[in-house]
Amino acid sequence: MLPPYLWSNLAVLLLFGAGVALGVYLRRNRLWREALSSLVRRRPLAIAALCLYVLVGLLDSVAWVGGPAAGADTVAAHEARSVIDRVFAGTPESSYSAPLATVSFYGAQPLESPRGHLLGTDILGRDVLYRTLKGARVALLIGGLTSLISIPLALLFGVGAGYFGGRLDDAVFFLISTLASMPSLLLLIALIMVMGRSTLSVCVALGITSWIGFARLARAETLKLRELDYVQAARALGVRDRRIVLRHILPNLAHLVVITLVLMFSGLVLSEVILAWLGIGVDGSWGQMIDQARDEFSRDPIIWWNISAAGGALFGLLLAVNFIGDALRDILDPRTLREDA
Amino acid sequence: MLAFVVRRLFYGFFVVLGVLFLLFILFFAVASPDDIARRALGEKALPQALEVWKVNHGYDKPLWPWQARDNLLADHFRSMLSFDFGRSDADDVPIARRLRQGAGVSLSLTVPIFVLGLGLAVLLSLFVAFFRETYIDTSGVFLCVLAMSVSILLYIVGAQYLVAKLLRWFPISGYDPDLRVVARFLAMPVLVGVLSGVGGDVRFYRTVFVEETSRDYVRTARSKGAGELRVMIFHVLRNGMIPILTRVVLAIPFLFMGALLLESFFGIPGLGSMTVDAINNNDFATLRVMVFIGSLLFVLGQVITDVSYSLVDPRVRLE
């Protein structure tokens, strides 16, 4: 029996496992192996940065109960705490603190751990570096979980419509045009307002609004692939539809899936920032940190470290992902995927 | 041509009907009128108060046609399609009046962003494409990806801090419809709007232009003795406009919707900040109307895109 607090940690581990399995599977294929090694050659820094984020996210996903808690905090002792939680245990302050705050806010309490805060603390005395590191897991969860929802959905509808055509195609095309014509941010907000606020509902809402573009692409590609000689030959030999789709259509869409996965990621994380600002984001995300810190920016003396830490971490992740996405697109597919507006 | 436009409009009408049905599912079937009333009045509202609120806002009917002749589904379609939007769930102001007031204000923000952004993006991308495969090109693309990786929230906060607080060039936020001062209030939001969008646009347009430079007609023009600058401006730019148009024309209808973040951060009372208020106040009636109008405009934009295609590119036949 799994305790309920572990589900999101489990999700991250599952995502990671799926990623590793995909990597191992791809390495067996010569084309993919060459693409991967050329990606590593072209973007070594971006890949190293992404690995760092993934590592931090994983360290925050391995959680267990027990061990010494922060100071006399008896509640925390009964909760599952991750590796990151444990590293930063025992460093709560009462408010903004050294080394970044030069003036003491809300009276001058002594510092609990004078040399413990590389990036200072926020208004409630929480370590900023700690919160920033914890945001990595949330960002990876938003991007990863949403892709796991939206890509299968897009493949199901897109390939189904493109391969079988006829009435099914008409129906799917109508559904796609209907969803595409709704303003996506408003649809996203409406979905979350209706489903209620939680990490899962944010991811589901993002998944529902983001599958359309790729479904359209998958449909167009399937329409082309369906007419190719080897598919026609397979059909003439009496191969079943399901087998044709699995053996001949889907492998030829694989590179598009990989490119879309990476290109979609940054858009999803950026959307979450806007959702956080509207108060319907995911708890603990960088978006939420930025939202909470933007009023502190107008204080005097200015509180800059909160927003800079969250913004910098977000920027770094998106930069790495965007560069990898660009290179991947060049390597795998220079023609069809220019960029869907 | 006319037959094509009529057929596209007809299909668009069905899409709008589909949107209305989805909206009904979301806002009436999934979030029931009881939920909406409870959100408006608070968790501890008395059942009688909920009933009164539902009667006042017209939510007191059965949902589906098979439950009663006078149902919410019919009401929803009738009010939306006749543009009789009713009153806001939050403060009973007629939604149509708000729309009329806000649209002009939103346009005064979004049109300058659109025009300046498009001009700047085309100029920059032509410049970068002119120096393709040199270090100017590489660093230009690098800057674009850099600009794309920053959240718009950070652009806004950064601009407010730097331009308004440190340099004191413009007010931090606010709006005044008086023509003599409105530019002072709009300058910074327009700047942020242009900056936050230009990275992605330049990168996209550059790909288009660079791709065009390897076409046959470019080689022909060069062999006729046309200079590289002339080729860029008179040949590549004109042919590159087709994919650019698709992206641009589709954006025009949304100018009416305003910009959610820019308007609410800079205190501009347009449709964007109206939408944000609706979200914060659980004003489902206004939110429904905004989604409906957005999709209506999108469908219109698609028809206009298809038609303008045929005007720009004689090869495209509307069949």
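Across q = 0.13, 0.15, 0.16, 0.19 Å⁻¹, region B:78-216 modelled as identical point scatterers on its alpha-carbon atoms has Debye log10 I(q)/I(0) values of -0.77, -0.89, -0.94, -1.08, in the order of the q list. Region A:303-323 and region A:230-250 have Cα centres spaced 46 Å apart.
Within a Cβ distance under 13 Å of B:Asn282, other residues only, what is the Lys/Arg minus Asp/Glu net charge? My count for the surroundings of B:Asn282 gives -2.
The shape of region A:129-336 can be summarised by an equivalent ellipsoid whose semi-axes, obtained from the alpha carbon gyration tensor, come to 39, 19, 12 Å from longest to shortest.
Mind checking the mean number of beta-carbon atoms from other chains within 10 Å of the Cβ atoms in A:126-135? Show your work: numbers first, answer last.
On the way: counts 0, 0, 0, 0, 0, 0, 0, 0, 0, 0.
Mean shielding count: 0.
Remark on B:Arg87: its backbone amide H falls under 5 Å from those of B:Ile95, a criterion applied only to residues 5 or more positions apart or on other chains, H modelled at 1.01 Å from N. Summed over all non-identical Cα pairs, the Kirkwood treatment of region A:232-341 gives a radius of 17.2 Å. Our coupling estimate for region A:173-180, obtained by passing each phi through the Karplus curve with A = 6.51, B = -1.76, C = 1.60 and θ = phi - 60°, is 4, 5, 4, 5, 5, 5, 5, 5 Hz, Gly and Pro reported as x.
Of the DSSP H helices in chain B, those with a Cα length along their own long axis of 18 Å or more and a mean Kyte-Doolittle hydropathy reaching 1.0 comprise B:2-24, B:95-130, B:135-148, B:284-312. The Cα-based radius of gyration and maximum Cα-Cα distance (Dmax) for region B:2-81 are 16.4, 58 Å.
FRET efficiency for B:Glu228 and B:Glu51, Cβ-Cβ distance as r, R0 = 45 Å, nearest 0.05?
Working: r = 75 Å, r/R0 = 1.66.
The pair B:Glu228/B:Glu51 has a calculated efficiency of 0.05.
What is the sum of charges around B:Leu63, taking Lys and Arg as +1, Asp and Glu as -1, for the other residues whose C-beta is under 12 Å from the C-beta of B:Leu63? With Lys, Arg at +1 and Asp, Glu at -1, the net is -3. For A:Val239, no residue has an amide H sitting under 5 Å from its own, ignoring neighbours fewer than 5 places away on the same chain, with H placed 1.01 Å from N.
With the biggest extent put first, the Cα atoms of region A:154-194 measure 36, 16, 13 Å across the principal axes. Would you mind estimating how fast region B:139-241 diffuses translationally, via Stokes-Einstein at 20 °C and 1.002 mPa s with the Kirkwood radius over Cα pairs, in µm²/s? Estimated via Stokes-Einstein, D reaches 129 µm²/s. How much of the pair distance distribution for region B:1-158 lies past 24 Å, counting alpha-carbon pairs only, in percent? Counting every Cα pair in region B:1-158, those more than 24 Å apart make up 62 percent. Put a dot 7 Å past the Cα of A:Leu45, heading toward its Cβ, do the same for B:Asp306, and the two dots end up 4.7 nm apart.
By the helix-only formula, in which each DSSP H run with n ≥ 4 contributes -39500 (n - 2.57) and the sum is divided by residues, chain B has a 222 nm mean residue ellipticity of -22000 deg cm²/dmol.
What average count of beta carbons from other chains do you get within 10 Å of the Cβ of residues in B:203-215?
Details: counts 3, 4, 0, 0, 4, 2, 0, 0, 3, 0, 0, 0, 0.
Mean partner-chain Cβ count within 10 Å for B:203-215: 1.
Taking the number of Cβ atoms within 10 Å of each Cβ as an exposure proxy, the fewest-first ranking of A:Glu272, A:Glu227 is A:Glu227, A:Glu272.
Between B:Val182 and A:Asp295, what is the FRET efficiency for a Förster distance of 25 Å, r being their Cβ-Cβ separation, to the nearest 0.05? E between B:Val182 and A:Asp295, to the nearest 0.05, is 0.40. When the P(r) is computed for the protein assembly as shown, the part past 39 Å accounts for 39% of the Cα-Cα pairs.
If you average the sequence gap of Cα pairs under 8 Å that are 6 or more apart and divide by the length of chain B, what percent do you get for the contact order? Display every interim value, and only then the final one.
Working: 328 pairs, mean separation 80.9, N = 319.
Answer for chain B is 25 percent.
Our note on the geometry: Cα centres of region B:57-102 and region B:131-195, 39 Å apart.
For A:Phe164 and A:Arg126, compute 0.36 nm times the residue count separating them, minus their Cα-Cα distance, and round to one decimal in nm. Don't jump to the answer; show the numbers that get you there.
Values: separation 38, 0.36 × 38 = 13.68 nm, distance 5.59 nm.
This chain segment gains 8.1 nm when fully extended.
Where Rh denotes the Kirkwood radius from the mean inverse Cα pair distance, what is Rg over Rh for chain B? Don't skip to the answer; put the middle values down first.
Details: Rg = 24.3 Å, Rh = 22.9 Å.
With Rg and the Kirkwood Rh in hand, the quotient comes to 1.06.
Hydrodynamic radius of region B:70-147 by the Kirkwood approach over all distinct alpha-carbon pairs: 16.9 Å.
Any read-out appearing in this document is the output of simple, stated calculations on the displayed coordinates, not a laboratory observation. Since the structure is predicted, the reported quantities are computational estimates derived from the model, not experimental observations. Cβ: placed from backbone, ideal geometry, glycine included. Neighbour counts: every protein chain shown.
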